[in-house]
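First comes the structure, then the notes that go with it.
Coordinate-derived values only; no laboratory data. Just so it is clear, the model here is predicted, and its values are computed rather than measured. Here Cβ is always computed from backbone atoms with ideal geometry, including for glycine, and neighbour counts include all displayed protein chains.
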């Protein structure tokens, strides 16, 4: 089975992901509490926050209240 190629997020999109994570961390009172709340491993959440991981899957994005949108439009 072939999986579709997903383009990596732009710097602006990566910044949005980091802002959302930081907001949840602040709201929950820490990284581990935020990871527990989102049901994501703390190490993966930390990697997303510091930029080590740059292309999270749709499942992770949904947990953060985000979604990946790709489209083609006529110019």
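One decimal place: the segment residue 58-residue 19 gains 12.3 nm when fully extended, by the rule 0.36 nm per residue minus the C-alpha distance. Stretching residue 44 away from residue 75 to a fully extended chain increases their span by 7.3 nm, per 0.36 nm per residue minus the current alpha-carbon distance.
First obtain the Kirkwood hydrodynamic radius of the range 11-63 from its Cα pairs, then insert it into the Stokes-Einstein equation at 20 °C and 1.002 mPa s, and state the resulting D in µm² per second as a whole number. The calculation lands on 198 µm²/s. Per residue, the average separation of C-alpha pairs within less than 8 Å and at least 6 apart gives the range 11-63 a relative contact order of 32 percent. Under 15 Å from a label point 7 Å along Cα→Cβ of residue 66: give me every residue in the range 1-23 with its amide N that close. Inside the label zone: 7-23. For the chain, the longest principal axis of the C-alpha atoms and the axis of helix 11-28 are separated by about 30°.
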